[in-house]
Amino acid sequence: MKLLSKSGDLVELLAAPDEKPLQRGDYLQAVDGRRRLLLQVIDVDYAELPGGLEDALRELGSEELSTRLIDPYGVGSLVAGLRDARIVVAKLRGVVDGDGLRSDLLWLPSKLGSRIEHASPELIAELSSIGGRRPIVIGECMGGILTVNAEAFDGRLTIITGKKETGKSHLAKLLVTSLAEYGAKIVVLDINGEYVGLSTRLDGGRSGVADKHLVLNPGENFKASIEDAGLGTILDILQHVLNTPAASLREFIRLWGTVKRVKGRVSLRGLIEAAGRAQMHESVREALMSRLLSLNSTQFFSEEEATNLEETLNNMEDGGIIVVNLSKTIPSGRRIIVEYLLSKLSSLLREGRVDPIFLVAEEAHLYLRETYWDDLVTRMRHTGLFPIFVTNQPDMIPETVYRQADNIFLFNFTNESDLEYISKASRVDSETAKRIAKALPPRYCLMIGRMVNDLPIVVKVREMPLKTMGETRLFFKLRERV
Ligand SMILES: Nc1ncnc2c1ncn2[C@@H]1O[C@H](COP(=O)(O)OP(=O)(O)OP(=O)(O)O)[C@@H](O)[C@H]1O
Ligand SMILES: [Mg+2]
């Protein structure tokens, strides 16, 4: 391979057709003296040689004669080789000078004198490392093992995205279990009920995180007390989830005060009784009553069996995975539960009563209200709630969230508009995201951002011996078992 040209941070290399095949995302280095230019392959094209079309046409015309072509000087293969040359399109990632990667150094290797080599996995591992003592093995990269440090997710915003069935949830489970093994506490909002099997290994035995794994089923072993949720949270639920009119909200605040004064403690039953008796306009009463009854029908609120989240979290001294199983809950129920959970967690964190928490949210747009996104990525993150969003519908996550993302795991996307949307994220140049992500096979992803020291890396995510339960239940498969 030889350096051919450079325009901006796009570098073209000329390669012979028989050279070792490259994959998008591979790293090459142009070595000249003690410095090296680090290049990431994003595409391979045919070299457009001058007169190429004319040559091809001439060849087409003389195809039948070609077996009898006279080649007295034996240059045929050389010419064919030239015509078949490839252009490797690569992105310039910086100059390796001494130990580190420098993007500020204006240096170019000699076109003729430099040597192009494949970068070693060790070099990439070294350059992409951000330091830390808790390695998580993500998978394979360029023949080596790629690890990132758990510290890369601490205090950060992470997004895992890609089209359906590319391996996003699998990766999320890998991160969740690895973080828990290092003692982190993680709350998972599990919309498909697929994180409930993490305590079981594929062979049926108990997994390494079995002792740290707690599944909360809303309405069953996960309930909340109205009083504990507080007036603010309940008002948010009434307003944002149940679309209660303003007049009824004002009446509700009065009602809350009355029940508190008379009974000493607010309960859902108390509120419903009071709403039935209190003097108010019939339409307001009706509006309030119907909302209170739908809160009641979720069976999530209970004064007697309320779950003590603070205690549950603090009991998990060596780390834990709390899976909130939302798979059996109807959409409005999910919103109510999530609204309660987030407001509870953020008040516990704000008051310093629990340690920081990682929050894994799958398809969060299905249960997170609009106004919560900004809150989650700014205010709540500062108090110690570190989100990991997983989605196959990237445009459902507001653009501002992408801009603030520290880490992105990008799986395959074929849809241009999805890629366009993601490439607006500040930490990746859109060319890399588009060309690489479009060609990624399932289970491969492009890692972007702080976790890889801003050196985009394509990795094949490793397998996990856990029951990951990501498979879609299939009709015909079920039939075959019978
Ligand atoms: N790296 C991997 N090694 C082994 N199996 C994997 C890997 N990645 C994914 N799988 C398997 O492939 C299937 C699909 O993966 P997964 O559920 O993670 O996809 P997804 O991107 O979350 O899909 P969806 O968008 O439908 O939620 C699952 O059965 C999962 O166990
Ligand atoms: Mg999934």
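The values are calculated or read from the model by the stated rules, or taken from the named source; none is laboratory data. Being a predicted model, the structure only gives us computed values, none of them experimental. A quick note on method: Cβ atoms are made from the backbone with ideal geometry, for glycine too, and the neighbour counts reach across all protein chains shown.
Couple of notes before you dig in:
- G333 vs. criteria at pLDDT below 95 and either under 21 Å from K173 (Cβ atoms) or surrounded by fewer than 18 Cβ atoms within 10 Å (Cβ to Cβ) (or both): no
- Members of region 200-219 found to be among the basic types (K, R) and surrounded by 15 or more Cβ atoms within 10 Å (Cβ to Cβ), listed by number: R201, K212
- Remark: Y372 matches the filter, which requires a residue to be touching a residue at least 24 places away in the same chain (Cβ under 8 Å), of a type outside the set (A, V, I, L, M) and farther than 30 Å from R435 by Cβ.
- Annotation: of all residues in region 3-48 being in contact with a helix residue (DSSP H, G or I) (Cβ under 6 Å, 6 or more places away or on another chain) and assigned to a loop (DSSP other than H, G, I, E, B), the one that is surrounded by the most Cβ atoms within 10 Å (Cβ to Cβ) is G25.
- Residue that is nearest to I357 (Cα to Cα), among those in region 386-428 that are in contact with a helix residue (DSSP H, G or I) (Cβ under 6 Å, 6 or more places away or on another chain) and among the aliphatic types (A, V, I, L, M): V390
- Restricting the first member to region 272-300 and to residues that are surrounded by 18 or more Cβ atoms within 10 Å (Cβ to Cβ), and the second to residues that are of a type in the set (S, T, Y), the beta-carbon pairs closer than 7 Å and six or more apart or on different chains are A274/T258; V284/S248; A287/T244; A287/S248; L288/S248; R291/T244.
- Helices (runs of 4 or more DSSP H) within region 219-277 that include 3 or more residues under 36 Å from the mean Cα position of the chain (by Cα) and not acidic (D, E): 226-236
- Whichever residue in region 148-179 is within 16 Å of ligand 1 (Cβ to nearest atom) and at positive phi and, among such residues, is surrounded by the fewest Cβ atoms within 10 Å (Cβ to Cβ): E165
- One residue stands out among those in region 224-248 that are of a type outside the set (A, V, I, L, M) and surrounded by fewer than 19 Cβ atoms within 10 Å (Cβ to Cβ): the one that is farthest from S178 (Cα to Cα), which is P245.
- Region 180-209, residues that are away from ligand 1 (no atom under 15 Å from the Cβ), touching a residue at least 12 places away in the same chain (Cβ under 8 Å) and farther than 25 Å from V459 by Cα: G183, K185, V187, S199, D203
- Residues satisfying the stated conditions in region 139-188, i.e. within 16 Å of ligand 2 (Cβ to nearest atom) and in a helix (DSSP H, G or I): K168, S169, H170, L171, A172, K173, L174, L175, V176, T177
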